[in-house]
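Take a look at the structure below.
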């Protein structure tokens, strides 16, 4: 008997498996037009186009408002877009991006903060340079092995997020991402560089190679602090940058003299052969707070001896001459050189010339008029005369020293007095010297 299933209100479902798609409607322009016209969609499209057009039309005028009204846009020799005004010609873009660290800042725009490494930054000159860079708003990395540097010289920057200190010897490679490299690492006083002459040569040669290699890899600008010692015992007076020097290549001072000469050679070869941006400064005698107390240099020797009531030791007849610049003047010169467009070398020193006896007399007047002078035999290869010709720095960097010996020496004496007698509550003189730049 066959049973039949019935569906109330429905027909029995079909057992057919055939599929029939919806028939395609013929394309017509009426449908998209109808879509655009419905709900005012076309009006909103035109409003959006108008807003975007106004933005791009008004944008150049916004930037132009920050520039001198007499400025005009011109391409320079490197195909950079620059603002040219009666007072300045400032590079803004290079290959579609901001100019590298050596460029000046476009008018109306805030200067970009740089990432700067200072080798030997815990030393005498290096720590004062670090102070200026930090005050300028840069991020500073100090690299120092503390052979002659002191942590106390940079202690006041600890805790600042823009400051880093790395204990490292530049003889070993170092990888960092930086915009500028100030390469100061090397013992600079006879007592220190004669202590281990082979190490001094390695620092000057291998250390400079490592820092130049870093500059090449990351595209940083590199500044070498060379020395007036490259002139040796000069036969030219005063010494210009064109003078090749009179150096004993096998003497007791040659580890430093010839080491720095080789460092200059390496620097120029990287510049010519690898297109590294470099700067070379030849530093003459410098004095100021934070010098090592017993480093064998004449100013620190005289000041420390006078404070300790010891005789001032003059080597030879005391008629050999030197030129003495205050540390703030040197730091200003180094920064101008780094930010400028000239490779160098540049003499950075004070052309005021003093004999050793005249210097001893100034120290006596400043500290102790009753101090005695004691003569000793002169040291080997000691230069008889030393005086920089700074015409090149004046003309191309707009730099010349401002602080006289009689103004700068008392600040150094104050720092030495605190350290000689054990009163180092502050660790260092904090920026007292900077006011002399404006005098």
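Quick notes on this structure:
- For the Cα trace of the stretch 115-438, dividing Rg by the Kirkwood Rh returns an Rg/Rh value of 0.94.
- Ascending count of other beta-carbon atoms within 10 Å, so fewest first, for 127, 189: 189, 127
- Order of 148, 366 under a 10 Å beta carbon neighbour criterion, fewest first: 366, 148
- Put in line by how crowded their Cβ is, counting other Cβ atoms within 10 Å and starting with the fewest, 307, 409, 357, 43 read 43, 357, 307, 409.
- According to the calculation over all Cα-Cα pairs in the stretch 186-237, the P(r) per 10 Å bin from zero is 21, 41, 28, 9, 0 %.
Every number here is computed from the coordinates shown, using simple stated rules; none is lab data. Remember, it's a predicted structure, so these values are computed and weren't measured experimentally. Because the Cβ atoms are built from the backbone with ideal geometry, glycine has one as well, and the counts that use them run over all protein chains shown.
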